[in-house]
Amino acid sequence: MATKEQRQAGAWRKRGTKSVGGGMLALTSAVVAAAMLATPAALAGEGTARYYSSKQPYVAPASTSYSAIPNRYHLAYTESVARHGSRGLSSYKYDALLTLMSQSAAENNYAGFVSPEVGKEFINNVNAITAANVGNGYGMLSGQGAIQHQGIGERIYQRDADLFANAAKQGLRVSYQSSGEPRATESGENFKLGFDQASNGLLANAVVAPNNPADNNFDKNTTTLYFHKTDNPDGTQKTGEAKERAERYQQFVANDEGLAEAEENVTNDPSMTTASHDLLSQIFTDDFLASIGKEEGQRIWYNTADGTKKGAANCAAGADPAKDANACGDAKKKIASEQDAAMDLYNLYIIAADMEQENTGSHTFNFDQYFQGQHAQDAKTFAWSLDAEDFYEKGPGRAGQDETYRIAQPLLDDFFNAIDTRERAGTAATFRFAHAETIIPFAALLKLPGSQRQASELYTYENNPWRGESVTPMAANVQWDVVVRDGADASGQPYQPLVRMLYNETEIGFNDSCTPIADGSTWYKESELKSCLNGKGTTVDARLTDEEGQPETPGHESTPDDSQKAPGANHANGQRKHPVKSSANGGDAVKLAKTGSSVTPAIVATVVMVSSAILGGSYARRSRRKA
């Protein structure tokens, strides 16, 4: 659980950002949007891929078209689930172990390093990222993560402004829900900040009172947002069906022989051995690396104060364990091989991409330097290793099983239940904030782009499109917009609500088992989705008849770049049921730059200068508060 001091630090982050002025968020968004729109979208390629796996910072769409609402329907409700934004290290682990390893390498005038200069620089980098996490709080949202969710909240309001204006007139409320993990709640708080700023506080106080408060009127819902563990983030235990579901899932992950074999094959793949030695050889001597291992006389470092198996608790320098329990390491974690050390270094590299605001002053670190040139391929190998673990344990997984994603069924049920009870509950929107462990199985359950193919052979980048960087980047989100029509159809029944989906703010069709209301449309009847998404096939009345309000053509709504073809527009051959293209990019890794955007150096410089001027005061004030 977060301490009071950690929560105050998060609140200070938000207050500091807000105090710059009401126009800060809009100005920053406008500058970034202008830069994105001015740049060709295809500049990112193999040479610019950074391979951050699931630590990929969020990539806001530069410009997107959204399909028009069908005739005689109006927007009545919206709901979403989002991963928390960019964060720091979840605990004192990778940095702890590399610190211990470096202390050994520094003995005898840095004899274990390729040179004293390389050794000193490496130690300084590890110490700096540790200090940055101590200052920010281990596991807490980074400044970058706060800004990501502020922007998402702003854009949701802008997309659905009419819905929220009507909600204010009708006295409807907004429901905010969290897994209860502090970084999830803080993500929601920042989302609300962006939403409220964009709407001038239109629904700032129209919030559903929580049954199980987390913070700031957020409702903790571990059944739908933290379903993968029997232990809840606040230390309580699940009970009843939720506990049984979590136990079945955990037993599957721990005991399934096929899963264990697949993960062992990834670990033992020769590419992992080669990449590990290749990466570490930039920093450590071959003799020192050869001394690592489980054989008699070889070195193993445990996450304890002295690196021995029975050593005392190991806590980050400068941390107060009473205020941040995550600043002390798990003694069972260790470095017992080159691969262990290389994966720890890779994990610092990818988390550094999410801590750009904390990477400053005495906390400045640079792990990019170890993954340049030929070593970029090392990053690709390690990304595959992490992706494989997530794919097999949380995603589509092995062919013939559904345990890895059926765990998300309560969340899907909650999406439908929220639609069906919105009028009785008096809600216009439900916004949920959770984790990668929530988004990954939910994406597989819905068969979202990149999450549609199980593995009948060992998962690789060549035979499967699943990528952590595109399936579940930081702040990944799924949104459903719901439109309704007043009155009743020819049979006397109320018209079915229609639903469309946005995945990371880009409109996509539901999977091919679902039939849209018309060819080329991304709108679906709720009754159809309840059937097809629950494995019951398509319904006989999935199509929208002329009497029900079928549009003559799919159409689309204007956006800042209206030259982009509407997602609902038919392809030239007119044969595909779902013309919306997948973002999975075939069998290749999605190419994302470090910032998640393909912008020219000149534009990057402009954005950085303006953003730094705007955000610098906020960060300085936050740092002084924490000092």
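The values are calculated or read from the model by the stated rules, or taken from the named source; none is laboratory data. Model, not experiment: these values are computed from the prediction. Because the Cβ atoms are built from the backbone with ideal geometry, glycine has one as well, and the counts that use them run over all protein chains shown. These area figures cover heavy atoms from the full protein model, side chains too; ligands, DNA and RNA do not enter into them. Shrake-Rupley method; radii C 1.70, N 1.55, O 1.52, S 1.80 Å.
With the checklist (1) open to solvent by less than 10 Å² (accessible area, probe 1.4 Å); (2) outside any helix (DSSP H, G or I); (3) without any contact (Cβ under 8 Å) to a residue 60 or more places away in the chain in hand, flag the one item Gly400 doesn't pass. With respect to (1) open to solvent by less than 10 Å² (accessible area, probe 1.4 Å); (2) outside any helix (DSSP H, G or I); (3) without any contact (Cβ under 8 Å) to a residue 60 or more places away in the chain, Gly400 is out only on (1). Residues that are part of a loop (DSSP other than H, G, I, E, B), touching a Phe, Trp or Tyr at 6+ places or on another chain (Cβ under 6 Å) and either of a type in the set (Lys, Arg) or within 30 Å of Ile407 (Cα to Cα) (or both) occur at least once in segment 302-322. For segment 182-190, the criterion of being open to solvent by less than 40 Å² (accessible area, probe 1.4 Å) and in contact with an Asp or Glu (Cβ under 6 Å, 6 or more places away or on another chain) is satisfied by at least one residue.
If you go through segment 194-214 and keep only what is assigned to a helix (DSSP H, G or I) and open to solvent by 20 Å² or more (accessible area, probe 1.4 Å), you end up with Asp196, Gln197, Ala198. Looking only at residues of segment 379-427 that are among the β-branched types (Val, Ile, Thr) and more than 15 Å from Phe252 (Cα to Cα), we find that the one that is farthest from the chain's Cα centre (by Cα) is Thr421. Among the residues of segment 215-242, those that are modelled with pLDDT of 95 or more, open to solvent by 50 Å² or more (accessible area, probe 1.4 Å) and either in contact with a Leu (Cβ under 7 Å, 6 or more places away or on another chain) or assigned to a loop (DSSP other than H, G, I, E, B) (or both) comprise Lys229, Thr239. Residues considered: Asp320, Asp354. Of these, the only one that is over 30 Å from Arg248 (Cβ atoms) and either surrounded by fewer than 16 Cβ atoms within 10 Å (Cβ to Cβ) or at pLDDT below 95 (or both) is Asp320. Sort out which residues of segment 292-317 are open to solvent by 30 Å² or more (accessible area, probe 1.4 Å) and either closer than 16 Å to Ala96 by Cβ or in contact with a Gly (Cβ under 9 Å, 6 or more places away or on another chain) (or both), and write them in order of number. Within segment 292-317, Arg299, Ile300, Tyr302, Ala305, Asp306, Thr308, Lys309, Ala312, Ala313, Cys315, Ala317 qualify. On the basis of being open to solvent by 10 Å² or more (accessible area, probe 1.4 Å), in contact (Cβ under 8 Å) with a residue 60 or more places away in the chain and not polar (S, T, N, Q), does Val499 make the cut? Judged against the criteria, Val499 is not a match.
Scan segment 113-127 for residues that are within 33 Å of the chain's Cα centre (by Cα) and surrounded by fewer than 22 Cβ atoms within 10 Å (Cβ to Cβ) and jot them down. Passing the criteria: Glu121, Ile123, Asn124, Asn127. For Ser271, the stated conditions hold: it is of a type in the set (Gly, Ala, Ser), open to solvent by 20 Å² or more (accessible area, probe 1.4 Å), touching a helix residue (DSSP H, G or I) at 6+ places or on another chain (Cβ under 7 Å) and on the phi < 0 side of the Ramachandran plot. Quick check, is Ala168 out of contact with any strand residue (DSSP E or B) (no Cβ under 8 Å at 6 or more places or on another chain), under 29 Å from Asp95 (Cβ atoms) and part of a helix (DSSP H, G or I)? So Ala168 fails the test. Determine whether Thr285 is β-branched (Val, Ile, Thr), modelled with pLDDT of 95 or more and open to solvent by 10 Å² or more (accessible area, probe 1.4 Å). Spelling it out, Thr285 is indeed β-branched (Val, Ile, Thr), modelled with pLDDT of 95 or more and open to solvent by 10 Å² or more (accessible area, probe 1.4 Å).
Among the residues of this structure, Ser527 counts as one that is open to solvent by less than 40 Å² (accessible area, probe 1.4 Å) and either of a type in the set (D, E, K, R) or in contact with an Asp or Glu (Cβ under 9 Å, 6 or more places away or on another chain) (or both). When segment 56-75 is filtered for residues that are farther than 30 Å from Gly487 by Cβ and surrounded by 22 or more Cβ atoms within 10 Å (Cβ to Cβ), the ones remaining, listed by number, are Gln56, Pro57, Tyr58, Val59.
Search segment 76-112 for residues being assigned to a loop (DSSP other than H, G, I, E, B) and surrounded by fewer than 23 Cβ atoms within 10 Å (Cβ to Cβ), and hand back the single one that is farthest from the chain's Cα centre (by Cα).
Out of the qualifying residues, it is Ala111.
Comparison of Glu462, Glu423 shows that the only residue that is over 20 Å from Arg159 (Cβ atoms) and not in a helix (DSSP H, G or I) is Glu462.
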